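Notes to accompany the following structure.
The values are calculated or read from the model by the stated rules, or taken from the named source; none is laboratory data. Computed from a predicted model, the values in this text were never measured in an experiment. Here Cβ is always computed from backbone atoms with ideal geometry, including for glycine, and neighbour counts include all displayed protein chains. Ligands, DNA and RNA are stripped out before the accessible areas are found, and what is left, the full protein with its side chains, is counted by its heavy atoms. Shrake-Rupley method; radii C 1.70, N 1.55, O 1.52, S 1.80 Å.
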Amino acid sequence: MLGSVFTKTLRDQRRSVIGWLLGIVLLIAYVVAFWPSMERSPALTQITEELPEALRAFVGGADLTTARGFFSTQLFAFMLPVLVGILAVGKGAATVAGEEERGDLDLLLAQPVPRWRVALEKAAAVLATIAAVVAVSCAVLWTGIAVIGADVTAAEVARGMVGLGLLGWLLAAVALAVGAATGHRGTAVAAGAVVGLLAYLASTFARLANGLGWLAAASPWTWAFRGDALGEGPGASGVAGLVVLTAALLAAGIWRFTERDVGV
Amino acid sequence: MTDAAVNIDRLSKRYGAVRALTDLTLRVESGEVFGFLGPNGAGKTTTIRLLLDLIRPTAGRAELLGMDSRRDAVAIRRRTGYLPSELALDPRLTAGELLDYYGHLRGGVDTAWRDGLVDRIGLDPSRRLRTLSTGNRKKAGIVQAFMHRPDLVILDEPTSGLDPLVQRAFLDLVREVAAGGACVFLSSHVLTEVEDAADRVGIIRAGELVTVDTVAALTRQAVRHLVLRFTGPVPAEAFAGLDGVSDVTVDGALVDATVTGSPDALVKAAARFELADLSPRDTELEDVFLAFYREAS
Ligand SMILES: Nc1ncnc2c1ncn2[C@@H]1O[C@H](COP(=O)(O)OP(=O)(O)O)[C@@H](O)[C@H]1O
Ligand SMILES: [Mg+2]
């Protein structure tokens, strides 16, 4: 684990990631365990039918009476993106800006590794960590669904998880890029949090308001999940948009990092 | 002519209105131990971090080992060891893991040489860096700076925080690698910490290089405060007008004198009385400056 900047960064993250993963797994297990009783409850069907169309959009736009809609809403409309988002922003801000503030970036950058490469390997490690967390979440959700025999396919679970992972990547990239460009961890966390919050608000509230559809369409949150995370998922355009934006942010942040004074 | 190990040409760094370094021009040869001295805030760290391409100059340039500090930064770092002054190391690693990590990033190091360094400096590689004192962390930093047999070693205040025994082992190491042809560039704010090891010393103050000279020549200009305590009162006239002695105050049995260069005249004057104690204060760098400025004015 000490052979490269990439593996060392993975190692740095492993302990706190295990904690996050545990929380995410518990959430998934809890929601999955709930479905069998919800499915048999006529009240739910009734409530859903009585919900105004606009409000239904607010909870993710999915049909709560189907297992697919239920999991889309309960897991992907808010809870999982928030958990993964906090992890992503935290790691993105910690890995360059955090180390710079702590001071140990100085000696690392005095090793014979180009500065851009140090940042790139660190970014890759953060993205790999998020991918691993989402992959485990995907396996856990799919296993849970198989155990209770809910009517959701593996492809649908994978679809939602791809959107979740890519949204996590984007938020990590925002924090990492701002941290690499400024050297300030607080600024990096704030940037990631603001982007995440605005993306969420734009995706949900704008969909409720007439004439603000363009705003919802511009939100990366919408790109990741569209109306229904498991039913629709990000689609090819959503994947492309999130990946390109992530890459562009990282490229810009790393470029600034190579140009500026470190540790001042 | 071969390339100098360090060749700095009118290097300047400003932070807004703050001139951290102004027009530094300096040449240090391979095989030389160079002491870079100056009080806190003089610009030593700024210079060193410019050389390592951690910060970028406002003007001027530097060549290390014949390569441009900006363009060839990676190639330079391959052959350079560095010890930062505010040494921050990943607290979760053990000292040994830290050496392994940086060793890997350097594409492997001679482990026999590295382990020899660990022994000489007295570093316990199994201890987690979090649990080490500042002095012991500094040992890890020193081993790390020398472990790949660099041709140029840049050390920012290496001796501060080290206990005297380790300081000696460290200075021996410095002399040894210099004898082997490497250039050692070390900063300090206390002359006594580097005068034994340095061939030449440069003094920097407020971002400007004041003087560069051999340690012997600087000590000749150095000002020392000596406090002499006699067993009984001594006459003030006995200490008046002595060669190289100024600012003498005689207060009963206590004599306080400022000596420039050799204390010979003062000691001979004192020998006529019964001396209870003679205590030189440290040669503070500030005093070397004072001597220099006096001469200049
Ligand atoms: N990032 C910075 N921003 C503003 N001023 C700085 C910065 N870094 C250093 N300085 C100033 O530059 C001068 C030289 O500092 P430094 O090189 O750290 O001195 P030394 O290492 O000799 O103690 C000081 O006056 C310091 O306050
Ligand atoms: Mg300093």
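Taking the condition surrounded by 22 or more Cβ atoms within 10 Å (Cβ to Cβ) and within 13 Å of ligand 1 (Cβ to nearest atom), does B:LEU64 pass? Against the criterion (surrounded by 22 or more Cβ atoms within 10 Å (Cβ to Cβ) and within 13 Å of ligand 1 (Cβ to nearest atom)), B:LEU64 does not qualify. The numbered conditions (1) within 12 Å of ligand 1 (Cβ to nearest atom); (2) open to solvent by 10 Å² or more (accessible area, probe 1.4 Å); (3) under 26 Å from A:PHE257 (Cα atoms) are all true for B:ARG10 except (1).
Looking only at residues of region B:171-207 that are open to solvent by 40 Å² or more (accessible area, probe 1.4 Å), within 16 Å of ligand 2 (Cβ to nearest atom) and more than 9 Å from the chain's Cα centre (by Cα), we find that the one that is farthest from the other protein chains (Cβ to nearest Cβ) is B:ARG205. Of the residues in region B:207-222, none is touching an Asp or Glu at 6+ places or on another chain (Cβ under 7 Å), over 30 Å from B:ASP9 (Cβ atoms) and of a type outside the set (Phe, Trp, Tyr).
Report whether or not B:GLY41 is more than 14 Å from chain A (Cβ to nearest Cβ), within 14 Å of ligand 1 (Cβ to nearest atom) and within 30 Å of B:ASP196 (Cβ to Cβ). Considered against the rule, which asks whether it is more than 14 Å from chain A (Cβ to nearest Cβ), within 14 Å of ligand 1 (Cβ to nearest atom) and within 30 Å of B:ASP196 (Cβ to Cβ), B:GLY41 comes out as yes.
Apart from one condition, B:ALA20 fits all of (1) within 16 Å of ligand 1 (Cβ to nearest atom); (2) more than 14 Å from chain A (Cβ to nearest Cβ); the exception is (2). Scanning region B:44-71 for residues being touching a helix residue (DSSP H, G or I) at 6+ places or on another chain (Cβ under 9 Å), more than 11 Å from chain A (Cβ to nearest Cβ) and part of a loop (DSSP other than H, G, I, E, B) gives a total of 2. For region B:52-60, the criterion of being within 9 Å of ligand 1 (Cβ to nearest atom) and open to solvent by 70 Å² or more (accessible area, probe 1.4 Å) is met by none of the residues. Total residues in region B:42-51 satisfying the condition of being open to solvent by 20 Å² or more (accessible area, probe 1.4 Å) and more than 10 Å from ligand 2 (Cβ to nearest atom): the figure is 0. The set of residues from region B:219-229 being surrounded by 16 or more Cβ atoms within 10 Å (Cβ to Cβ) and either assigned to a strand (DSSP E or B) or of a type in the set (D, E, K, R) (or both) comprises B:VAL223, B:ARG224, B:HIS225, B:LEU226, B:LEU228. One residue stands out in region B:122-133 among those that are of a type outside the set (A, V, I, L, M) and either in a helix (DSSP H, G or I) or farther than 22 Å from B:LEU171 by Cα (or both): the one that is nearest to the other protein chains (Cβ to nearest Cβ), namely B:ARG130.
Scanning region B:19-41 for residues that are within 13 Å of B:ALA206 (Cβ to Cβ) and at pLDDT below 95, we see that the one that is least open to solvent (accessible area, probe 1.4 Å) is B:GLY38.
Tell me which residues, restricted to region B:144-187, are within 16 Å of ligand 1 (Cβ to nearest atom), small (Gly, Ala, Ser) and touching a helix residue (DSSP H, G or I) at 6+ places or on another chain (Cβ under 7 Å). The answer is B:GLY161, B:SER187. Would you confirm, using the coordinates I've provided, whether B:THR131 is open to solvent by 50 Å² or more (accessible area, probe 1.4 Å) and either under 14 Å from A:ALA110 (Cβ atoms) or away from ligand 1 (no atom under 16 Å from the Cβ) (or both)? Yes, satisfied. Scanning region B:232-261 for residues being open to solvent by 40 Å² or more (accessible area, probe 1.4 Å) and in contact (Cβ under 8 Å) with a residue 40 or more places away in the chain gives a total of 0.
Within region B:72-121, track down each residue that is within 12 Å of chain A (Cβ to nearest Cβ), surrounded by fewer than 21 Cβ atoms within 10 Å (Cβ to Cβ) and in a loop (DSSP other than H, G, I, E, B). Once the filter is applied, which keeps residues that are within 12 Å of chain A (Cβ to nearest Cβ), surrounded by fewer than 21 Cβ atoms within 10 Å (Cβ to Cβ) and in a loop (DSSP other than H, G, I, E, B), region B:72-121 yields B:ASP72, B:ARG79, B:SER85, B:GLU86, B:ALA88, B:ASP90, B:PRO91, B:ARG92, B:ARG106, B:GLY107, B:GLY108, B:VAL109. Among residues of region B:146-167 that are over 22 Å from B:SER30 (Cβ atoms) and open to solvent by 20 Å² or more (accessible area, probe 1.4 Å), those with a beta-carbon under 6 Å from a residue that is part of a loop (DSSP other than H, G, I, E, B) and within 16 Å of ligand 1 (Cβ to nearest atom) at least six positions away or on a different chain give the pairs B:GLU157/B:SER85; B:GLN167/B:THR159. When A:THR129, A:THR73 are screened for being polar (S, T, N, Q), at pLDDT 95 or above and part of a helix (DSSP H, G or I), only A:THR129 passes. So, in region A:231-264, exactly how many residues are surrounded by fewer than 16 Cβ atoms within 10 Å (Cβ to Cβ) and among the aromatic types (Phe, Trp, Tyr)? Total satisfying the criteria: 1.
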